[in-house]
Amino acid sequence: MQVLWFFPTGGDGRYLASQVGNRKVTHTYLKQIAIAIDELGYYGALLPTGVGCEDAWVIASSLLSVTERIRFLIAVRPSVTLPAVAAQMAATFDRASNGRLLINVVTGSGQEYMAREGVFLEHDKRYEVTDEFLTIWRSLLRGDEVDFEGEHFRLKGGKSFFPPVQKPYPPIYFGGSSPAALEIAARHSDVYLTWGEPPAQVAEKIGAVRRLAEAQGRTVRFGIRLHVIVRETTEEAWSAANDLIKYVSDDTIAAAQRAFANSDSEGQRRMVALHGGQRDRLEVSPNLWAGVGLVRGGAGTALVGDPETVAARMQEYADIGIESFIFSGYPHLEEAYRFAELVFPLLKLNHGDAVPRGELETLGGFNTGQLYFPNEMGQNLDRAVMTERKTVAQAAS
């Protein structure tokens, strides 16, 4: 598995749809998150895009110098960026980060939302734009000289003079649930992303994309975007889930659901259908809770439970083909620590050169899990504890 976290560049806090516990997302705060997830050993982190959040490229670039290992999954919007410009940005970032760039292609959401960025295209037209965009983008980063004449883009003598570190180009993550989206995913993506639907529904999507990709002689990997609420006991986890929405009023839910109904996003429609805006329908699959989706667009479900349960639910998704998990939790700094400390030890992670937290051992002090006694009797006891730990570790390995 590969586990990524999320940068809350559009806002953060302890509760949804409330000013109680609301947290300003300053650059200092984002640096704290970046340093934390880098040291904790996450594979990377997603930066969202759109008018409701800070610019993903600017924020990611500003965080390169405070991190060493994490990959930045930066969202790119084909409808608002020329492919040659986007290719140059990607190559520059990949070179500056020594190969730590991942690309998340976001075709768009509802027409009303897209209009705020100056895009007035219907749903399927946006996917036509994405198809042309990625055809050009991939060719440029492969080092081809590109002449392209399409309905939406034209390019003559296009060339990338500064190739990316990753070959042939930084990996493309792509999401979407409509037939048009699945076709584009099969044609261009390296990792197809789905929002957190129940495993059976996710399996159907994976099967559809695999068949479409195989028809084009390609293979695609798969990932999922979820929230997570993990605590040491199941009871504590469900209590935390209920606390997250305790300030959400029925009027707020109704207003959010009306807004979601205007979206032409198939993925958003599927998220809403899981719960229908009803508080009594929120556990849509064992330990899969849709409370976030009452008021938040996009990814609206969370895995809820104790560490062993969350790890087991992740394995259920892994068994049907999910390799990448992109998680978030409120607030994002504290929950990044909680998830890594409680769940990472239970997972088989494939994070490359990421170094898990706790690599450097301390043999004394008052820090959690260790004993320190200043007298001789205490030193003997401390040595006995360390010997016992070593024996247990050798037996486990």
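Some observations on this one:
- Expected 222 nm ellipticity per residue - DSSP helices of 4 or more, -39500 (n - 2.57), all of the chain, to 500: -13500 deg cm²/dmol
- Alpha carbon centroid spacing (whole Å) that separates region 215-234 from region 43-67: 21
- Principal axis dimensions, largest first and in whole angstrom, of region 2-346 by Cα: 61, 40, 38
- With Cα atoms, 0 to 90° folded angle of helix 376-396 axis to the chain main axis: 50
- Neighbour counts of C-beta atoms inside 10 Å place Trp57, Trp137 in the sequence Trp57, Trp137, starting with the fewest.
- ³J(HN,Hα), Karplus 6.51/-1.76/1.60, whole Hz, each residue of region 243-249, x for Gly, Pro: 5, 4, 10, 5, 9, 7, 8
- Residues in region 12-37 that a label on Glu236 would reach, taking backbone N under 20 Å of a point 7 Å out along Cα→Cβ: 14-15
- Remark: the Val20-Thr92 segment gains 21.9 nm on full extension, using 0.36 nm per residue and subtracting the alpha carbon distance.
- Packing rank of 301-307, 187-193, 260-266, where each peptide gets the mean count of other beta carbons within 10 Å, highest leading: 301-307, 187-193, 260-266
- DSSP-defined beta bridges in the chain - what % are antiparallel, rounded to 5: 20
- Legend: calculated FRET efficiency, Glu122 to Phe148, from the Cβ-Cβ distance at R0 = 25 Å, rounded to 0.05, equals 0.65.
- Largest GNM mean-square fluctuation across Thr234, Thr81, Thr67, computed for the chain with C-alpha springs under 10 Å, falls on Thr81.
We did not get these values from a lab; they are worked out from the coordinates using the rules stated. What you see is a predicted model; the values in this text were computed from it and never measured. Ideal geometry is used to build each Cβ from the backbone, glycine not excepted, and the neighbour counts take in all protein chains shown.
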